[in-house]
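All remarks here apply to the structure that follows.
Readers should treat all values here as calculations from the given coordinates under stated rules, not as data from a laboratory. For clarity, every value in this text was computed on a predicted model and none was experimentally measured. Quick reminder, even Gly has a Cβ in these numbers, built from the backbone with ideal geometry, and neighbours come from all protein chains shown.
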Amino acid sequence: MWKRILNSIQAEKLVGAALLVREEDRPELEEGEFYTRDLVGMRVFLKESGEPIGTVVNVYDSGASDLLHVMLDSPAHDSDGVGKSKPTETGATNHLIWVPFVEAIVPHVDMDRGEMMITPPKGLLELNLRSHEKSKKERRQLEWKERKKLQKRLIAAKKKLCELEQQHVFHGFRYGDKTQTSLLADQIVGVNSKLFQPALQSIDLFSQRWRDDATRTDIYDALTTSENYLTPLARMDKQCVNSVFEEKGLHLISKGKVATVLVVTDSAKEASDPSILSESLIQTLECTNQKLVKVEDRVSMPLLVICPAGEIPLFQMLFSENDHFGFDSDKVWFFEEQMMPVVSCPDEQTRRKILMQSPWEMLQSPIGSGGIISVISSESIADNLGKIGVDYFQICSTNRQFLNTRTLLLGYVHSREADMGIQVLEDKLFSEESPDVILSMSFLKKLMTETNKFQFNTTLKPKAHIELVNKEWVDVIPSSPNSCEIRCSLLLSCLNICASDKVCLLEIPE
C-alpha cells in the first residue's frame with residue numbers, strides 16, 4: 001500500500017484515516033509503557049480503599065507526562081436511568097477529571113483485569129471538580145428544593161400512617177434535637193405503605209397462617225394435579241440438560257432480553273460467613289457466565305444485587321475484587337433489601353401498632369422475598385430496563401441446587417409463552433429464603449399494580465420496645481411474644497395473581 005504513495009497529493013488523501021496494525025506487528029513496549037488505546041475503558045480504583053472512582057475515557061499527551069481523562073461514577077441516587085450505581089467520595093456525577101499518568105499517582109495497572117489503582121495526592125480529585133461547583137446562591141436554591149421535596153413526601157407518608165391509625169409514631173417530633181427528628185422523618189418516609197397497608201389488612205382478615213413446608217407441599221400438589229398445569233410441568237433428567245430449552249434461554253440472554261436479580265440477604269446461610277458468601281457468589285455468577293461466553297456476540301446481562309441492610313459497600317468491594325464476575329460493571333446495581341415495621345399483637349381492646357425502638361426509630365424486620373418486587377418497581381427500574389429490551393427477570397439466590405438449570409427454565413418459560421417459571425425439587429417448592437423464579441416483564445408490571453393481592457405471614461416474637469405513657473417514655477420488656485414480624489411471600493403472591501395456565505414448573509431430582 002505504502003508503495004503507491006508517491007507524492008504529497010496522494011498522502012493528503014490519508015489525512016484522518018485510521019491505520020490498523022496487527023497485534024503481532026506492534027513493537028514490544030518497555031516496562032511501564034502502555035498503548036493509549038489499551039488504557040481507554042479501564043476502570044479506576046482508589047488503591048487505599050478499593051473504592052471505584054470511574055472509567056478512563058481518553059488519554060492526552062501533555063508534554064511532560066500523559067493525562068488520563070476519567071469519567072467519575074454516578075452517586076447512589078443518580079444513575080444511567082436504570083437504578084443505583086457506584087458512589088464516590090467526591091459526590092460528583094458524570095464529571096470528568098484529570099489524573100497525571102505517572103507511577104507516583106498510578107502505581108498499578110492490571111491489563112488483564114482492565115483496572116488501575118491510583119493514589120491521588122490530597123485534594124487532587126476535589127481540585128478537578130472546582131469548576132463544577134455551584135455558587136452559594138445556587139446551592140441554597142437546590143437545598144431549598146430538596147427540603148420542599150422531602151417535606152411533601154413526609155406529609156404524604158404521615159397522612160397514610162394516619163389512615164392506618166399509627167399516629168403514635170409522630171410523638172418523637174416533640175422530643176429530641178434536629179438530628180433525631182430528622183431520623184424519625186426519614187423512617188416515616190421510608191415505610192413502604194404499598195405493602196404495609198395490605199399486610200395489616202391481610203393478617204387481620206385471615207387468622208390462619210401458612211406453614212412453610214405444609215403450604216409448599218399443598219401448592220405443589222395443587223399445581224401438578226390440576227389440568228391447567230399438567231402440560232407445563234417438566235421433569236429434568238440427564239437427557240434434557242442440553243435441550244432446546246437451554247439453547248433458547250442462552251439465546252435470550254445473548255440478546256440482552258434477560259435481567260438477573262440476585263438475592264443475598266441475612267436469612268441466607270452464606271451471609272453469616274464472608275468467605276462462604278464470596279465462594280457461593282463466585283460459583284453462582286461464574287456458572288452463569290461460563291455458559292454465556294460460549295455464545296458469540298453476547299450482550300451483557302443487567303444484574304441487580306439485593307443485599308442485607310448496610311452491606312452494599314461489602315458487596316461492591318467483593319464484585320470489584322472479582323472483576324465483577326465477568327459482568328459489565330456499568331450494568332451492575334446494588335440495593336438494600338426492604339424492611340417492614342414490626343407491629344404489636346393486638347387483644348380485644350387494642351389495635352396493631354408499630355413498635356418503637358426509640359422515640360425516633362421504628363422496630364423493623366426484613367420484608368421477605370416479596371419485597372423484591374418493590375425494589376424492582378422503585379426508581380423506574382423496570383420501565384428503563386424494558387426500554388433497553390429486557391423481557392424477563394431471572395430472580396435467583398445463591399442456592400447451588402439450581403445453578404445449572406436456570407437457563408433451561410428460562411427457555412422453557414419462553415417456549416410456553418408463560419408469565420412465571422418455578423424450579424421444583426422433587427415434591428417441594430423453593431425456600432422463601434432462596435427464591436428462584438422467572439418472571440416476564442408484562443407479569444412483573446401486573447404485580448406492581450396489584451400489591452393488594454400480595455400474600456403475607458407473621459412470626460410472633462418477644463420484642464423490647466418503648467411507649468409514651470403520661471408524657472414519659474417507658475421501656476417495655478415482654479415475658480412472652482408480643483410482636484408480629486410481617487413477611488411477604490414472592491411465591492405465594494405470584495401464584496395468587498398469575499393465571500394458572502401461565503405458570504411453568506421444572507422438576508429437578510435431588
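Label sites at LEU96 and THR449, each approximated as a point 7 angstrom past Cα along Cα to Cβ, lie 4.3 nm apart.
Once the Cβ-Cβ distance of GLU247 and LYS160 is raised to the sixth power relative to R0 = 60 Å, the FRET efficiency obtained is 0.80. As a calculated quantity, the FRET efficiency between ARG26 and SER415 at R0 = 60 Å, using C-beta atoms, amounts to about 0.80. Gain on full extension, evaluated as 0.36 nm per residue between LYS145 and PHE34 minus their Cα-Cα distance, stands at 35.3 nm. Rounded to the nearest whole angstrom, the semi-axes of the ellipsoid equivalent to the range 136-189, taken from the Cα gyration tensor as √(5λ), stand at 25, 14, 6, largest first. A straight chain from ASP328 to LEU6 at 0.36 nm per residue would run longer than the Cα-Cα distance by 111.3 nm.
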